[in-house]
Amino acid sequence: MSLDPMATAAIETALNTLLKESPEQSKQLLRLKGQVLQIHLIEVNKTLTFIFSQQVDVLARYEGQPDCYVSLHLSALPELRDESNITRLIKQEKVELEGDIKLVQHFSQLLKDIRPDIEEWMSRYTGDIVAHSVVQSAKYFGCWVKKQAKKHENHLGQALTEEWKIAPPPLEVAYFCDQVDDVKSKAEQLESRLNKLLEHA
């Protein structure tokens, strides 16, 4: 089995599982019924086709004409979860869109509203206490990783400017710019005096 069918099957299963667990989102799916959305991911040069009916079918290959075609970079993908970003992304040329923009907006809203309760899902297999402990530990670990990354970023910045002297600190840059302006001003004054002396001569 090639990677494309495996990837599309995984996306399809995940989406439909989340939709079944959320009756409100299943109702939202009805307004997409009978429509086809294609999303082309530029970096990996892959196109996913979403066909909406009672569920969502995800295909790697589709011969028909979609109701809406979207081409975008992976970095813009998370921003699609907020439908208010779509128009801005199109203006910034981060997203290319052909067809019905409302289809993308409805799909974007659907993705935004699907929020899996990982703790609830885990508790079915592990029990409430274990699920709660695992989720809280994961959140704590995520916060710790962010703090460590920020700390290392600050250390690197200090090392570059103070220890290794690779990058000058902001005040030094500002002082250097002032000195350059002074030299430029004095050079212009000197040039003006020389011109006057040459005129008198």
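The values are calculated or read from the model by the stated rules, or taken from the named source; none is laboratory data. Small disclaimer: the values here were computed from a predicted structure and weren't measured. We place every Cβ from the backbone using ideal geometry, glycine too, and count neighbours over all the protein chains shown. For accessibility, only protein heavy atoms count, side chains too; no ligands or nucleic acids. Shrake-Rupley method; radii C 1.70, N 1.55, O 1.52, S 1.80 Å.
Restricting to the stretch 44-66, name every residue that is among the hydrophobic types (A, V, I, L, M, F, W, C) and in a loop (DSSP other than H, G, I, E, B).
Across the stretch 44-66, the qualifying residues are VAL44, ALA60.
Look through LEU89, LEU97, LEU59, LEU72 and report the one residue that is farther than 18 Å from VAL36 by Cα and in contact with a strand residue (DSSP E or B) (Cβ under 6 Å, 6 or more places away or on another chain).
Sole residue among the options that is farther than 18 Å from VAL36 by Cα and in contact with a strand residue (DSSP E or B) (Cβ under 6 Å, 6 or more places away or on another chain): LEU89.
Which pairs have Cβ atoms under 6 Å, sit 6 or more apart or on different chains, and link a residue in the stretch 58-79 that is modelled with pLDDT of 90 or more and open to solvent by 60 Å² or more (accessible area, probe 1.4 Å) to one that is in a loop (DSSP other than H, G, I, E, B) and not β-branched (Val, Ile, Thr)?
ASP67/GLN35; ASP67/ASP100
Taking the stretch 8-34 only, how many residues are out of contact with any Lys or Arg (no Cβ under 8 Å at 6 or more places or on another chain), open to solvent by 30 Å² or more (accessible area, probe 1.4 Å) and in a helix (DSSP H, G or I)?
14
Out of the stretch 91-106, which residues are assigned to a helix (DSSP H, G or I), open to solvent by less than 60 Å² (accessible area, probe 1.4 Å) and without any contact (Cβ under 8 Å) to a residue 40 or more places away in the chain?
Residues satisfying the conditions are ILE101, GLN105.
Which of (1) open to solvent by 70 Å² or more (accessible area, probe 1.4 Å); (2) in contact (Cβ under 8 Å) with a residue 24 or more places away in the chain does LEU37 not meet, given it meets every other one?
That leaves (1) as the condition not met.
For VAL44, are the conditions met, namely being farther than 14 Å from HIS106 by Cβ, open to solvent by 20 Å² or more (accessible area, probe 1.4 Å) and touching a Leu at 6+ places or on another chain (Cβ under 9 Å)?
So VAL44 fits the description; yes.
So which pairs qualify, if the first residue must be in the stretch 21-32 and without any contact (Cβ under 8 Å) to a residue 12 or more places away in the chain, the second must be surrounded by 14 or more Cβ atoms within 10 Å (Cβ to Cβ), the Cβ gap must be under 6 Å, and the two must be at least 6 apart or on different chains?
Note: pairs meeting the criteria are SER26/LEU19.
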